[in-house]
1. Report relative contact order for the chain in percent, whole number only (criteria: Cα-Cα under 8 Å, sequence separation at least 6).
2. Helix-only mean residue ellipticity at 222 nm, the chain, DSSP H runs n ≥ 4 weighted -39,500 (n - 2.57), per residue, nearest 500. What is it?
3. Over the residues of the range 11-100, compute the C-alpha Rg and express it relative to 2.2 N^0.38 Å.
4. Which ordering of Ser192, Ser205, Ser135 is given by a fewest-first count of other beta-carbon atoms within 10 Å?
5. Take the alpha-carbon centre of the range 112-185, take the same for the range 45-110, and report the distance between them in whole Å.
6. Find, to one decimal place in angstroms, the Kirkwood hydrodynamic radius of the range 172-228, where the mean of 1/r is taken over every pair of different Cα atoms and then inverted.
7. Using a 10 Å cut-off around each Cβ, can you sort Tyr199, Tyr66, Tyr129, Tyr53 from fewest to most neighbouring Cβ atoms?
8. Note the angle between two axes, namely the Cα long axis of helix 88-111 and the longest principal axis of the Cα atoms of the chain, as a number of degrees from 0 to 90, rounded to the nearest 10.
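Each value in this text was obtained by applying a stated rule to the coordinates, not by laboratory testing. Remember, it's a predicted structure, so these values are computed and weren't measured experimentally. Note that each Cβ is placed from the backbone with ideal geometry, even for glycine, and that neighbours are counted across all protein chains shown.
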Amino acid sequence: MISDTGQMQQQINNNAQEPVLGSPENPLHTLKTIPNLITLFRLILTVAFLIMYQFEDLRIASICIYIVAASTDWFDGQIARRFNQVSVFGKRFDPIMDRVLIFSAVLALLFAGLIPVWIVVFIIARDVYLFLGGSYVLKKTHTVIDVVFIGKACTFVLMAGFAVQLLQIFIVPGLNLFEASWLPGFGSEPVSIGIWIIYIGCILSFITACVYTAKGLKLIKESTSQDM
């Protein structure tokens, strides 16, 4: 009798300690959530942006679509966390969609000659590194690294910078420090403030990569310790 009571109490304690279903610590195993629908909608908007941007008459409309697509990234995350609709699919696919949205803007900027090639190479190289690193951590620990705040901030800053740069608004004088075609804004030519926002986004991208690397190494170390 006492043994049964003890087992029931232990079960209650275990249930009390278990994270809420749909929280980041205990994600849902389903596609049927509002945040996932918003993420898929963002994919449709991204494709529409890429197609429409190729036509001069549709440039402004396409950039507006890009801005709407970028804003949905904030909404799906807020809904997922506030209403416990975090899912395994969302944790894996949402960061991928962020990358797709960023790459689409980078391609459009490169096509229009509004961004240096090194920024394109840097962003792609960083994301390839994070993808391969994340895949390795998942294989070793069976754990998806949670998105960190600085990662979200980095994505927001880059998307904002891309939108402003695509629209070529908020033109400011160059710093007139030195002339270098690969560093617009440091010479005498006036530039959109968007390029400076993109520079900040690149710095945050580097910091984000360092943070994710540290988290990945920590997870691998903890997993190795448990196996031993």
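1. Working: 265 pairs, mean separation 40.2, N = 228.
18 percent.
2. The helix-only estimate for the chain comes to -25000 deg cm²/dmol at 222 nm.
3. Numbers: Rg = 16.8 Å, N = 90, 2.2 N^0.38 = 12.2 Å.
The range 11-100 yields a ratio of 1.38.
4. Numbers: Ser192 21, Ser205 24, Ser135 10.
The order, fewest Cβ neighbours first, is Ser135, Ser192, Ser205.
5. 15
6. On the way: mean 1/r = 0.0711 Å⁻¹.
Roughly 14.1 Å, rounded to one decimal.
7. On the way: Tyr199 17, Tyr66 26, Tyr129 13, Tyr53 23.
The order, fewest Cβ neighbours first, is Tyr129, Tyr199, Tyr53, Tyr66.
8. That works out to roughly 10 degrees.
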